[in-house]
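Novice: Pasting in a structure now, in structure tokens, and then I'll have a few things to ask.
The values are calculated or read from the model by the stated rules, or taken from the named source; none is laboratory data. Because the structure is predicted, anything quoted here is derived from the model rather than measured. Here the Cβ positions follow ideal geometry from the backbone for every residue, glycine too, while neighbour counts run over all protein chains shown. These area figures cover heavy atoms from the full protein model, side chains too; ligands, DNA and RNA do not enter into them. Shrake-Rupley method; radii C 1.70, N 1.55, O 1.52, S 1.80 Å.
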Amino acid sequence: MTAQPEQRQQHKPRAGESATMKAVRLRRVNHWLAQGLGGELADQYVDYHEASAAEAHRSRSRQDFLNRLTGDIRRAGFAMVIAETDHLVGCAFGFPVCSDGCWWLGFDGPLPQSLEQLTASGGVFAITDILVRPQPQDQDVACRLQERLLSDHQASLGATLVDPDDHPRLTSLRSWGWLDVGEVWRPAGPTMFRALVLPLGERTTARLEGLAHDARTRWPT
């Protein structure tokens, strides 16, 4: 039986969007295609986020991105969604969080009950990276990428870890709907990360409102 090619998701343009935005399509790719796109995506990562850095730093950042992508590709359930027009625009990728809660290892304090329950039910998907140009007009592309990745896996919550000193990334994620929920300490370093979550759907958002409020009180933006 011959597999049918996946139908690309065509974006319905909104008033005020540019012609480029109107043409953006989303497409899910398998791990083989993701691996083949690694070099191009790493170049975009450097161009989008490290444009003013020194060449040596740019080289390290490129390799860090490739290492992160390669590591995720090996994980069970890895998935990537790309955005494209007549060329590659960006991507989002990650993997399902195991129901045993090991992804939250190192969470500062007791894991909130809402996060524990959503994780145990298999409803959490870790989004490792969302790669789009850091321009206001590309916010819609980022939001569509992250929502497509979660909905494809029937996940009700996205989760990610961010270096607290990476202020541009934190600002971008918050503008895309992500909520601060706590700190996670990883043994290698030791390194502290800010844990952010993205609720999908009104019921999940309601369950996390109090948690997000506590986080905002602890880390004013």
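Novice: Taking all protein chains as present, what is the carbon and sulfur share of the accessible area of the range 91-173, in % to the nearest whole number, probe 1.4 Å?
Specialist: On the way: 1710 of 3420 Å².
The computed percentage sits at 50.
Novice: What distance in nm lies between label points placed 7 Å from Cα along the C-beta direction at Arg74 and Ser151?
Specialist: 3.4 nm
Novice: Something else now. Given that compact globular proteins tend to follow 2.2 N^0.38 Å, what is the ratio of the alpha-carbon Rg of the range 96-195 to that value? If you can, show how the numbers build up before the last one.
Specialist: On the way: Rg = 13.8 Å, N = 100, 2.2 N^0.38 = 12.7 Å.
Expressed relative to 2.2 N^0.38 Å, the Cα Rg reads 1.09.
Novice: For Gly90, what residues show an amide H to amide H distance below 5 Å, using hydrogens built from the backbone and excluding near sequence neighbours?
Specialist: Those qualifying (amide H under 5 Å, at least 5 residues apart or on another chain) are Ala83.
Novice: In debye, nearest 20: dipole of the range 81-152 around its Cα centre with unit charges on the Cβ of K, R (+) and D, E (-)?
Specialist: Values: 3 positive and 10 negative charges, 5 e Å.
Roughly 20 debye for the range 81-152.
Novice: What does the extension gain come out to for Leu66 and Asp166, with contour length at 0.36 nm per residue minus their alpha carbon separation?
Specialist: Working: separation 100, 0.36 × 100 = 36.00 nm, distance 1.86 nm.
Full extension of this stretch gives 34.1 nm more.
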